[in-house]
């Protein structure tokens with residue numbers, strides 16, 4: 001059996017789709033999988049069991065990337081095609097069964113995980129996962145050796161409107177690792193892409209250098225997941241990294257403001273979120289009235305609120 005799985009370009013959406021792929025792997029033992037995914041998210045799928053081919057999609061003007069993909073996959077007959085991008089490709093291939101996501105607004109009240117699960121009738125909705133090669137865990141063990149617990153912080157996001165102010169992340173890190181707190185004396189791991197270093201700088205400098213693990217721009221996605229598995233707690237903005245942390249199984253607290261937590265909150269038994277006093281709709285209306293300005297949308301989320309939510313999440317862990 002051969003299955004074509006077309007998934008997202010953005011890291012967060014790609015992570016959320018991994019549970020569906022794992023469900024298919026379990027449902028069809030011995031199947032061979034071809035995964036088509038955006039180049040940035042592609043490393044997440046390198047260790048997929050039964051992977052026959054990994055196709056990296058590079059966006060091109062006039063949607064020509066879909067033509068490129070079609071030319072690549074059309075020679076083969078597929079038993080199943082799953083298209084989470086809602087393109088027309090699935091209908092232009094020879095396939096026994098097709099599952100194509102639709103942009104139907106009726107589903108928008110669901111969490112994205114529930115929407116994906118409905119597509120292939122997976123019950124209960126399968127949680128996201130990460131597939132790691134042995135070298136990923138080995139690298140993570142070198143970067144985060146055994147010792148004091150580690151608080152992981154993800155201070156960046158793909159839109160500035162979703163970013164909690166960096167100085168507040170720094171204050172949070174100091175508070176959560178201070179004497180007498182839940183992570184007293186913990187080390188601090190800071191994760192972000194290389195181009196996000198300025199956003200991460202204040203957090204990196206929040207605790208003494210000997211307790212800081214600077215992973216900004218230093219690891220690929222699988223290694224980041226392996227590093228997160230070695231952490232005691234993750235706190236970060238609504239981002240791909242937040243979803244990766246939840247999929248890796250680390251207690252994950254997501255910070256929300258102008259994006260819908262009911263649809264994109266971190267998923268799983270060890271995940272929680274805290275949001276601004278204003279709703280997503282209120283913040284987006286404010287941004288729209290200001291000509292699309294993104295500044296200050298996370299301002300009403302206090303350090304006290306995040307610290308309290310982090311402690312509640314921490315204490316509910318088994």
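Bear in mind these aren't lab numbers, they're just calculated from the coordinates by the rules spelled out. Since the structure is predicted, the reported quantities are computational estimates derived from the model, not experimental observations. Counting neighbours? That spans all protein chains shown, and the Cβs are built from the backbone with ideal geometry, glycine included.
Side notes on the structure shown:
- Euclidean distance between Cα centres, segment 276-312 to segment 151-189, Å: 17 Å
- Choice from 97, 187, 211 showing the highest fluctuation, given a GNM over the chain with Cα pairs closer than 10 Å: 97
- The Cα atoms of segment 2-120 cover 38, 38, 28 Å along the three principal axes, with the biggest extent listed first.
- Which of 300, 287 has the fewest Cβ neighbours within 10 Å, and the rest in rising order: 300, 287
- Fewest-first ranking of 212, 18, using other Cβ atoms within 10 Å as the exposure measure: 212, 18
- In this structure, residue 79 and residue 56 have a Cβ-Cβ separation that, at R0 = 22 Å, corresponds to a calculated FRET efficiency of about 0.45.
- Among 221, 92, 119: highest mean-square fluctuation, GNM of the chain, C-alpha pairs under 10 Å: 92
- Rounded is the label for segment 48-106, because a/c, from the alpha-carbon gyration tensor with a ≥ b ≥ c as root eigenvalues, stays below 1.5.
- Subtracting the Cα-Cα distance of residue 288 and residue 201 from 0.36 nm times their residue separation leaves 28.4 nm of extension gain.
- In this entry, segment 135-315 is assigned a mean projected area of 9.7 nm², taken as a quarter of its C-alpha convex hull surface.
- Computed over the chain, the alpha-carbon pair-distance distribution with 10 angstrom bins reads 6, 26, 33, 23, 11, 2, 0, each value a whole percent.
- Fully extending the segment from residue 210 to residue 174 would add 11.6 nm, taking 0.36 nm per residue of separation and subtracting the current Cα-Cα distance.
- Computed over segment 161-217, the ratio Rg/Rh where both radii use C-alpha atoms and Rh is Kirkwood: 0.98
- Listed from fewest to most Cβ neighbours within 10 Å, the set 127, 239 follows the order 127, 239.
- Selected from 169, 99, 45 as most flexible by GNM, with the chain as the system and alpha-carbon contacts under 10 Å: 99
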